[in-house]
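Encoded as structure tokens, the structure appears first; notes follow it.
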Amino acid sequence: MQAAAARRAFSSLASKIHPQLPLTPRESQQLLNLLTTSFRSHLDREYPAGPSEAPPPSTTTQIVKVEQPRRLPSSYDSASEHIDSILSNPLFARNPSWRGSDSAAANALKDPLAWFLDQAAIGTADISKATLCLDVLQTSQNKPKGRRSSLSNKDGRPASMIAEWLRTSGEETSKDFLISLPVTKGAPRRSLVNRLVPLLLAEGNHAPLWRWYAYEPEEDGILSQAQISPFKCQLLKEMINAARTRDEAFAIFQQAFQLAEAGKRSAYVNSLQVAGARLVDMIVADPQVQCTPELYERFALSTNGWLFAWKPVVQAMLCLCHPTQSDPQPGLKIIKNPDSFLASTHSKPSRQRFFVRMCLGTAQQLLKEEKFAEAQIAMQFTKEHFADLVLIKYHSSSPHHITRGVSEKNKTREEKKNIALLDGLLAT
């Protein structure tokens, strides 16, 4: 009996010290007011505001108007700002519409954003659930209009909401967010940042992207610069891919380049090389896309900071693709003195194709300018050093050659164009 009475007494005392949740709205407000008052009192006690300067007492009866000095910022104001930032977190700012376990994820199909915000409100949100939310939203947008999922509170900014959760929860500096799992079999796994980048750009919210790109891990922290370097590369490349215009892509790259110049860290240089190569590929693939010449020239000039031995070839290609003033002379100069590039060109197939394309582009531009002798030099050089790419050997007696599929025809289409250009130039 005594033991049972003791247990009841202990249970009663424990319930008073730590009442069971969930609390009623009134109890929750009382608890919040108590925590707020206690926190402010503690902060004022530990960090009191500086004493106000009072004017010296006057020795005359004349009333002198003295300007009061500006009051120093109080710890009360700092506490208020801190509490406001805490209360803006979905954990406090949102009253969840359901309190379920992971089995409640079926609600994500109906309203994925509301489901995720509820998960954040009850403290169970994580990177995988944020990824699931965006996946369901993207899948829903591809469905017919009548079958799409709804957005909570008629808000069309789900990426911004998830980015804010990443910031307030501290997940944006976590290993789960910054380091992608290694790719095994099958297609590469798209990380959360891959999904967020195009949505944030579409929503006009660039701030989270640059905050993530500029993040520097602590020297004694869990992550190192080398570990987050792939994240920066992936992030900047996705920003270039998701840019809605060529000018926007140039502006994004220029801002990253300025951060790299200020930081002088290898993580930035690596990301510039990856994103810069992607931007160069986009320019070469479609040089007719409209852009501002000044932004184009600024990007071309930036190659001095992130390209090394291969820089002259890339710059020659950019001169050929200039939106208003195509210049073949840098390419022709390389063709006349190619020794320093041929070795590295033949060692990498991608560089070899890029180099051949630069040579062919140089010849075409020279032909447009009616500089036939120089154009023939460029084509003769290409035929001599890259015959396997610009010449096609036909074997009419082979039945296999007759039955080639469409893919094989597509593969040689570019080579046939090169042959036609060769024949025309050599004839002149």
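The values are calculated or read from the model by the stated rules, or taken from the named source; none is laboratory data. Being a predicted model, the structure only gives us computed values, none of them experimental. Ideal geometry is used to build each Cβ from the backbone, glycine not excepted, and the neighbour counts take in all protein chains shown.
Annotations
- Within the stretch 307-323, the set of residues being in contact with a Ser or Thr (Cβ under 9 Å, 6 or more places away or on another chain) and aromatic (Phe, Trp, Tyr) comprises Trp310 only.
- Residues in the stretch 324-339 that are polar (S, T, N, Q), out of contact with any Pro (no Cβ under 9 Å at 6 or more places or on another chain) and either outside the structural domain of Phe355 (by TED's automatic domain parsing) or at pLDDT 95 or above (or both): Gln329 alone.
- Any helices (runs of 4 or more DSSP H) falling wholly within the stretch 272-370 and containing at least 2 residues that are free of Cβ contacts under 8 Å to residues at least 60 places away in the same chain and in contact with a Gly (Cβ under 6 Å, 6 or more places away or on another chain): 311-320, 349-368
- Of all residues in the stretch 297-324 being closer than 17 Å to Met358 by Cβ and not hydrophobic (A, V, I, L, M, F, W, C), the one that is surrounded by the fewest Cβ atoms within 10 Å (Cβ to Cβ): Lys311
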